[in-house]
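Below is one structure; the comments refer to it alone.
The values are calculated or read from the model by the stated rules, or taken from the named source; none is laboratory data. The shown structure was predicted, so the numbers you read here are calculated from the model rather than taken from an experiment. Neighbour counts run over all protein chains shown; Cβ positions are idealised from the backbone, glycine included. What goes into the accessible areas is simple: the full protein's heavy atoms, side chains included, and nothing from ligands, DNA or RNA. Shrake-Rupley method; radii C 1.70, N 1.55, O 1.52, S 1.80 Å.
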Amino acid sequence: MILRLEREHFALALARTDQLLGSLPTGAHWLSGSEQKRLGTLNHAGRRTEFLLGRWLLRSLYAARFGGTPEDWPLREQPQLPPVPERDAEFPFLSISHGGGFIAAAAARQAIGVDVESSRRELPAEIFEPLFRHAPASVAERLEYWVATEAFLKQQTLPAHTDTIRRHALSPSAGHARVRLR
């Protein structure tokens, strides 16, 4: 089952990894040339599967929103950036995330970022102090903060890595952030 949320300016899809595997075509014939090239650089089987599932979910999102089949919506890889649709699309900005047994994909009229994590992921307070100069008190708060930070970095088309957080000295917004956590 794929959960979808669609609005005038964006579309979001979320699926369990194990359920989405059943709809994934066998082989890589449906990938664009640039995607096949990128897939060839991924050595870890789990990472390859996540890559395929993310691209398939994005294509499924486009097909559900704009018609056609997922194969009708090829994507073009960009080094260190999210993929983009190969053909003209009303929603040219994309974001993909995987974690905790889920895959999320988003497409929008403007830059968008999406992140998913397992609700059981425990992020130690020790990693927050050097990165953010503070540490949220509870495990749940740290997880929410981490997810919001990764989604923000993706929306800014910055790599969602701790090095990026350190380099850009990210800190909490004073209530002006456009972030929704669920």
Review point. For labels at Ser118 and Asp72 in the simple 7 Å Cα→Cβ model, what's the distance in nm?
Key: 3.8 nm
Review point. Which ³J(HN,Hα) values, rounded to whole Hz and listed in residue order, are derived for region 86-100 from phi using the Karplus coefficients 6.51, -1.76 and 1.60 in 6.51 cos²θ - 1.76 cosθ + 1.60 with θ = phi - 60°, glycine and proline given as x?
Key: 6, 10, 4, 9, 5, 10, x, 9, 10, 8, 9, 8, 9, x, x
**Study point:** Potential lengthening between Val84 and Asp18 on full extension [0.36 nm per residue; Cα-Cα distance subtracted]
**Key:** 21.2 nm
Revision key, fill the gap. In nanometres, the difference between 0.36 nm per residue of separation and the alpha-carbon distance of Gln36 and Ala64 is 7.7 nm
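Treating only the Cβ of Lys, Arg, Asp and Glu as charged (+1, +1, -1, -1), what charge dipole size does the chain show about its Cα centre? Round to the nearest 20 debye.
It works out to roughly 60 debye.
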Practice item. Would you mind getting the accessible area per residue of region 1-148, heavy atoms of the protein chains only, 1.4 Å probe, in Å²? Key: 53 Å²
Study note, to complete from the structure: For region 21-34, in residue order, the Karplus 3J(HN,Hα) values (coefficients 6.51, -1.76, 1.60; θ = phi - 60°; whole Hz; Gly and Pro = x) are 4, x, 9, 6, x, 6, x, 10, 4, 7, 7, 5, x, 5
Practice item. Please list the non-local residues whose amide H lies under 5 Å from the amide H of Glu86, H modeled 1.01 Å from N, same-chain partners needing a gap of 5 or more. Key: Leu75, Arg76
Point to revise | Proportion of all alpha-carbon pairs of the chain beyond 23 Å (%) | key: 43 percent
Review point. Hey, any idea what % of the chain's accessible area is carbon plus sulfur with a 1.4 Å probe?
Key: 52 percent
